[in-house]
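All remarks here apply to the structure that follows.
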Amino acid sequence: MFDNRVYRNYHQKDGLVSFDITVKETNLNIQAESDFSSDAVKAVLECRGYIETYIRQYPDFASSLTPLPDTGPAPGVIQDMLTASRTAGVGPMAAVAGAVAEYTGQQLLERSPEILVENGGDIFIKSDTD
């Protein structure tokens, strides 16, 4: 399913360890100071849990091709996806890859000061160098 991501071989940052994780349909390439696979899996499971729970409450979140109205209090990742959706004029799931990459990256920043999380071309980066 994820065999064609050869582009991942071309963006290794010196000094960082590269590792891949897969959770259901989510496949991330992560670069950090060490292999934090178990921490990354936990972050992805938590993020996906928020998204999957929200979809059970609001099924249109998964299928809408247009922005949806704010439903009130929701986890940060959901609010971020709704905001991105409104900005781009598309459905909120168009932002799912970037949202999962960012959520995971933010969680891993507690373990590594530099992080790169790539999710199907959507990238979260925190780097101290060029």
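If you average the sequence gap of Cα pairs under 8 Å that are 6 or more apart and divide by the length of the chain, what percent do you get for the contact order?
Averaging sequence separation for qualifying contacts and normalising by length gives 24 percent for the chain.
Share of the chain's accessible area from carbon and sulfur, percent, 1.4 Å?
Numbers: 3830 of 7310 Å².
Of all accessible area on the chain, carbon and sulfur atoms account for 52 percent.
May I ask you to give the solvent-accessible area per residue for the chain, in square angstrom, as obtained with a 1.4 angstrom probe? Don't skip to the end; give the middle numbers.
Working: 7310 Å² over 130 residues.
Per-residue value: 56 Å².
Picking from Val100, His11, Tyr58, whose Cα lies most toward the positive end of the charge dipole for the chain (charges on Cβ: Lys, Arg +1; Asp, Glu -1)?
Highest projection toward the positive end goes to Tyr58.
At 0.36 nm per residue, minus the direct Cα-Cα distance, what do Leu109 and Thr53 gain on full extension? Give it in nm, one decimal, please.
17.6 nm
In µm²/s, what is D for the chain at 10 °C and 1.306 mPa s, where D = kT/(6 pi eta Rh) by Stokes-Einstein and Rh is the Kirkwood radius from Cα pairs?
After rounding, the answer is 104 µm²/s.
Just grab the label-to-label distance for Asp20 and Ala88, each label 7 Å out from Cα along the Cβ direction, in nm (one decimal).
2.3
The values are calculated or read from the model by the stated rules, or taken from the named source; none is laboratory data. What you see is a predicted model, and the numbers here were worked out from it, not measured in a lab. Don't worry about glycine lacking a Cβ; one is built from the backbone with ideal geometry, like all the others, and counts go over all protein chains shown. Just so you know, the surface numbers come from the protein's heavy atoms only, side chains and all, with ligands and any DNA or RNA stripped out. Shrake-Rupley method; radii C 1.70, N 1.55, O 1.52, S 1.80 Å.
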